[in-house]
Amino acid sequence: KANSLIKFIVPPAVASGLQQVSHNVPTICLGLSIAVYLVYLDMLDMQVYNDSLTGLNNRRRAKYYLQDCLETADVKPFVVYMVDVDYFKEINDKYGHGEGDNALCIVADALKDTANQYAGFTARMGGDEFLLAMKYNDGVIPEHITSTVKHYIDRKCQEQNIVYPINLSIGHMICDNKNISIADLLEKADDMQYKTKREHHQNKNSE
């Protein structure tokens, strides 16, 4: 959004300066045309790489991001979290698909806040599954990241007076090997996430 705003302002501003020098050339119209065209390209890019419901990056952009991270993973490790909403079908069935969409947006906002806090990246991979990734350094402790996400969700649920719980199953994978494939990386994070989900189901059934 910031880049789009800059692109919309700079060409007309430059054209306006040129107009002061060359009065007979309609540079302002040219500058406005260039600005509109650049913003239009950004809008197309957002449609291709952004999730329409949550505003997050989508699976396609996530793969490009992970590929960039893998190229330097041996010297700059990173951690990937796979996030899944527990009992999402029950929210849809009991409260309707509109409320289900709202729950997904709450999760997306919590992940976005976490990504902003840790200079990370987040995306909706499809359905109720999300991805969170960031560089792995001394300030990143995987268990703390999970707690941060849940903290943001609890706060947003309180702000909106949500009457149902939004619980997550989160699995993570620390990657320091640039030779691993994206598919294998996501599968390992998924395996841990599924293990967490099974534990949640077992705990619920035992209550």
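The values are calculated or read from the model by the stated rules, or taken from the named source; none is laboratory data. None of the values given here were measured: they were computed from a predicted structure. Here the Cβ positions follow ideal geometry from the backbone for every residue, glycine too, while neighbour counts run over all protein chains shown. The protein model used for the area step is the full one, side chains on, heavy atoms only, and it has no ligands, DNA or RNA in it. Shrake-Rupley method; radii C 1.70, N 1.55, O 1.52, S 1.80 Å.
Pairing each residue of the range 65-89 that is basic (Lys, Arg) with any residue that is open to solvent by less than 50 Å² (accessible area, probe 1.4 Å), provided the two are 6+ apart or on different chains, yields C-beta distances under 9 Å for Lys76/Cys69; Lys89/Gly100; Lys89/Asp128. Taken over the range 51-91, the residue count meeting the criterion of being over 19 Å from Thr146 (Cα atoms), open to solvent by less than 10 Å² (accessible area, probe 1.4 Å) and part of a loop (DSSP other than H, G, I, E, B) is 1. Condition first: surrounded by fewer than 19 Cβ atoms within 10 Å (Cβ to Cβ) and hydroxyl-bearing (Ser, Thr, Tyr). Can you find one or more residues in the range 127-143 that meet it? No; the residues of the range 127-143 include none that is surrounded by fewer than 19 Cβ atoms within 10 Å (Cβ to Cβ) and hydroxyl-bearing (Ser, Thr, Tyr). Per this entry, Lys195 is counted among residues that are over 21 Å from the mean Cα position of the chain (by Cα) and closer than 20 Å to Phe88 by Cβ. Scanning the range 155-169 for residues that are open to solvent by 90 Å² or more (accessible area, probe 1.4 Å) and either part of a helix (DSSP H, G or I) or within 14 Å of Leu111 (Cβ to Cβ) (or both) gives Arg155, Gln158, Glu159.
For the range 72-110, a residue qualifies if it is touching a Pro at 6+ places or on another chain (Cβ under 9 Å) and over 22 Å from Glu159 (Cβ atoms), and the qualifying residues are Val79, Tyr81.
Per-residue answers, yes or no, for (1) within 21 Å of Arg61 (Cβ to Cβ); (2) among the small types (Gly, Ala, Ser); (3) touching a residue at least 24 places away in the same chain (Cβ under 8 Å); (4) in contact with a His (Cβ under 9 Å, 6 or more places away or on another chain):
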residue	(1), (2), (3), (4)
Thr122	yes, no, yes, no
Asp128	yes, no, yes, no
Ile141	no, no, no, no
Cys157	no, no, yes, no
Tyr164	no, no, yes, no
Arg198	no, no, no, no
